[in-house]
Structure formats: C-alpha cells, structure tokens
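Worksheet: the structure to be examined is printed underneath.
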Amino acid sequence: MVTIRCNALLFDLDGVLIDSTPAVARVWHGWAVEHGFDPETVVHQAHGRPSRVTIRELLPNADINREDREVERREMEDLEGMVLLPGAQQLLNSLPPDRWTIATSCTRALAEVRLRAAGLPIPKAMITASDVKIGKPDPEPYLKAAAGLGFAASDCVVVEDAPAGVRAGKAAGARVVAFLTTMSRRSLEDAGADWIVQNCADVTVSGDDDHGLQLSLKM
C-alpha cells in the first residue's frame, strides 16, 4: 500500500470513472472510414484529447466546428455499452462533494449526458472542453479544476488513464495516479505518472489530521 495526502482529487471521466470506450471507438472508426483514414490509428489518436484537436490535425482545411459538432452528436447518441468502471461509485461516495471534481476532454453537453447515463453526480466545479482554450496535454483543464475547488493544483491528485491527461496533470503541478484501463503501463510511465494502479477499486480515501484527504493505493 502507498499512502498519499492531498486536499482534493481531480478525475478524468472516460476511462477513469466510466467506460465509454466501445462507443467512442465506434464513432471515431466511422468518422475515420468516411474521411479515408486508418480507423485504428484515429481511435488511438483521439483518446483523451478534445475532438477538435484530433480533427484539426487530420483535416486542417476542414470546417472544424462543423466536424466537431457532428462527432459530438454521434457520441451523445451512442451510449450503448457504457458502464461504470470498478470502484468508481464507491470512491466518489467516500469523498466530500467539495473535495473532488472532473476535468474532461468531452464538451460539457457530452460529459453531462454520460454522467447522467452512468448515474453519477455532475460536480459543480467540472471543467470540460467547453470551458478551456487549450485542452490536454496543456495544464489549463487541471489548473481550472483545482481553482474551482479553491486549491492549488500542487495540493491535488489527478486521476487519469491517458498519456495526454497524465502530462496535463504533471504540467499543472499535480501528482498523478494513472489507471491501466485503456493504455499500457509503459505509455503511462513515459508520460510521467507518479503511481499506476488498475482502477478506482485500488484507491481508498479517509480524512487526515489536517482536514485533508489520505489516499491509500493498492499497488
């Protein structure tokens, strides 16, 4: 067991609290085929980043806003196979509501649809792609998420599953716990993750003597 003290937890959404991988893969696979790209490459490239970033890289001369809206529409309509990841509900239930939030590369509309479908609360300080100028791996999402809770990012622990998100958390000055839910251990290590565990079931939380949080990681 590893023990960590912090003031708050900043969660990514997809691949950390919920598994929407099948739906995301279906949407991006279809989009890639329509535009003549290799589907497997595009699905991997899109994971953990704002959709418009991937679109801009692949179709720099396209109407980015129109393409982004179409991808979002498809993702909002495709919720088949989306499930809570192990331990997610229990971990959130153990946290005070003012000590956790979400920073996701989804738009706000898409994040709210997925949270409702999964039966999870929508945290007040949630940061989405709709709330930032630059998405992950830039630190802006996690800097804003921490500030929304009233803390410095350096006093928080980020929980991620994608290299882009790990880099965003580290660049914000936070410590990062990474999950092996979607990516390889090597890719998470290379991105700078401080600790790597399987999923939320390997994380337990209690209060500490300074009114902060004490995390226990099952390594």
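Going by the structure shown, is Pro137 closer than 19 Å to Asp161 by Cβ and open to solvent by 30 Å² or more (accessible area, probe 1.4 Å)?
yes
Which is under 15 Å from the mean Cα position of the chain (by Cα) and of a type outside the set (D, E, K, R), of Pro86, Pro96, Pro141?
Pro141
Is there a residue being in contact (Cβ under 8 Å) with a residue 12 or more places away in the chain, surrounded by 17 or more Cβ atoms within 10 Å (Cβ to Cβ), closer than 30 Å to Gly150 by Cβ and under 22 Å from the mean Cα position of the chain (by Cα) anywhere in region 20-27?
yes
Out of the residues in region 127-161 that are touching a Ser or Thr at 6+ places or on another chain (Cβ under 7 Å) and in a loop (DSSP other than H, G, I, E, B), state the one that is farthest from Leu91 (Cα to Cα).
For region 127-161, the residue satisfying everything is Gly135.
Pairs under 6 Å by beta carbon, first residue touching a residue at least 12 places away in the same chain (Cβ under 8 Å) and surrounded by 15 or more Cβ atoms within 10 Å (Cβ to Cβ) in region 111-133, partner part of a helix (DSSP H, G or I) and not hydrophobic (A, V, I, L, M, F, W, C), six or more apart or different chains?
Ala125/Gly148; Ile127/Pro141; Ile127/Lys144; Thr128/Arg108; Val132/Glu140; Val132/Pro141
Between a first residue in region 33-54 that is under 27 Å from Gly169 (Cβ atoms) and without any contact (Cβ under 8 Å) to a residue 12 or more places away in the chain and a second residue that is surrounded by fewer than 21 Cβ atoms within 10 Å (Cβ to Cβ) and among the small types (Gly, Ala, Ser), which pairs have beta carbons less than 9 Å apart while being 6 or more apart in sequence or on different chains?
Correct list of pairs: Glu40/Ala32; Thr41/Ala32.
It is to be established whether one or more residues within region 146-165 are among the polar types (S, T, N, Q), open to solvent by 10 Å² or more (accessible area, probe 1.4 Å) and either modelled with pLDDT of 95 or more or on the phi < 0 side of the Ramachandran plot (or both).
yes
If you take the residues in region 55-64 that are assigned to a helix (DSSP H, G or I) and in contact (Cβ under 8 Å) with a residue 12 or more places away in the chain, which one is surrounded by the fewest Cβ atoms within 10 Å (Cβ to Cβ)?
Once the filter is applied, the top-ranked residue is Glu57.
The values are calculated or read from the model by the stated rules, or taken from the named source; none is laboratory data. This is a predicted model, so every value here is computed, not measured. Positions of Cβ are generated from backbone atoms using ideal geometry, with glycine treated the same way; all protein chains shown enter the neighbour counts. Ligands, DNA and RNA are stripped out before the accessible areas are found, and what is left, the full protein with its side chains, is counted by its heavy atoms. Shrake-Rupley method; radii C 1.70, N 1.55, O 1.52, S 1.80 Å.
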